[in-house]
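Nothing in this text is a laboratory measurement; each read-out follows from the coordinates by a stated rule. What you see is a predicted model; the values in this text were computed from it and never measured. Glycine gets a Cβ as well: all are built from the backbone with ideal geometry, and neighbour counts include every protein chain shown.
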């Protein structure tokens, strides 16, 4: 039985309980009467509703901590204890990528005829071409595989399977026992994997595979983990891709995804440098960088309520629209999906584009625009076909 300690995720000895982490929180920091008291209470095992029910799992608290204590771990550990005691509403299984009948798998199973063969190829881990450097397609690329069928990925073989999920969604929900199982399983699967370097397409997969699983869950991989965004920045900024000034006059605003907050200012600056190199004017939203608001996905972690997710998405779209930018640029496929859903149901309409799509546009390469259709498919699985689970009182525990 997995029995983690708080000290596995939170630097108890280093924390001086100053409260700066929660005071800085863009979700509820101003509402907390005494942030220092709240941190001390959480560390003492008190499950504070004022924190645990409002948290969007966005990680800003850990980015703000002056002593690098990972206060986000305090919240995750509290959620873990709650989940272990009360179990999880069955509706949560709809977005958990390793649970039966989840929405991710359902959408992957109904892809267009030109995308399904991509997944069929990616699942073969025995291909000789995977030796050396290979790109890992996580859940949020497997649901949008057409995005990897562009010249940006030439010479970079791709692999991905449903059972190779890195566990990021579970981690954000505090389902730590499930994440430990994921770490153990991936350690076994990858023990004989031929690649010397695995390039993560997504910044969430990159942070989980390179930092979270090895640091907190004992995973060991025989390869280096790198990030596709760094390769893209090298191709663009070196001039290898002829895109300089090709998007002049386009005003954009950028969504920084949650994991990017913990990967440093330089990490978050690269997408902006790419955009500016292509001639775009970058305007920032009210909350940006380490204090960026979640796209809405993480808002489901506290109460597993889709209405919380919708509210988070709408709030962020309102900020994006207020910049008067021509486009909202994301570098996370999950952000792409959530915002694409949001633009269909709110008046805060702004075109949502992935950074890779803009680079292709600057290259003169036409790529499919299927984010809205895929978002609608996801909504159908969650709210129509998944309706019985949404209203069910049943509970379960995600564990092999």
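If the segment from residue 31 to residue 230 were pulled out straight at 0.36 nm per residue, it would be longer than the present Cα-Cα gap by 67.9 nm. Antiparallel beta bridges, as assigned by DSSP with both residues in the chain, represent about 10 percent of the total such bridges. Legend: calculated FRET efficiency, residue 273 to residue 393, from the Cβ-Cβ distance at R0 = 56 Å, rounded to 0.05, equals 0.65.
Taking a ≥ b ≥ c as the square roots of the eigenvalues of the alpha carbon gyration tensor, the chain is rounded, as a/c is under 1.5.
The simple Förster model, with R0 at 56 Å and r as the Cβ-Cβ distance, assigns residue 11 and residue 113 a FRET efficiency of 0.65.
With each label modelled as a point 7 angstrom along the Cα→C-beta vector, the residue 303-residue 365 pair spans 4.4 nm. Note on residue 400 and residue 163: the extension gain reaches 84.1 nm, defined as 0.36 nm multiplied by sequence separation minus the Cα-Cα distance.
Per-residue Cβ neighbour counts within 10 Å put 274, 189 in the sequence 189, 274, beginning with the fewest. Here the spin labels are modelled as points 7 Å beyond Cα on the Cα-Cβ line, and at residue 128 and residue 47 they lie 5.6 nm apart. Built from the Cα atoms of the range 239-387, the convex hull projects on average onto 9.1 nm², one quarter of its surface area. Modelled spin-label separation between residue 87 and residue 346, with each label point placed 7 Å from Cα along the Cα-to-Cβ direction: 3.4 nm. Taken as Cα centroids, the range 236-270 and the range 338-366 sit 15 Å apart, rounded to the nearest whole angstrom. Per-residue ellipticity at 222 nm, computed for the chain from helices alone with -39500 (n - 2.57) per DSSP H run of at least four residues, works out to -11000 deg cm²/dmol. Name the residues of the range 251-286 whose amide N is less than 19 Å from a point 7 angstrom out from the Cα of residue 215 along the C-beta direction? So the set is 257-269.
Shown for 291, 278: other C-beta atoms within 10 Å of each C-beta, ranked fewest to most, produce the order 291, 278. Estimated from the Cβ-Cβ distance and a Förster radius of 25 angstrom, the FRET efficiency linking residue 189 and residue 376 is about 0.15.
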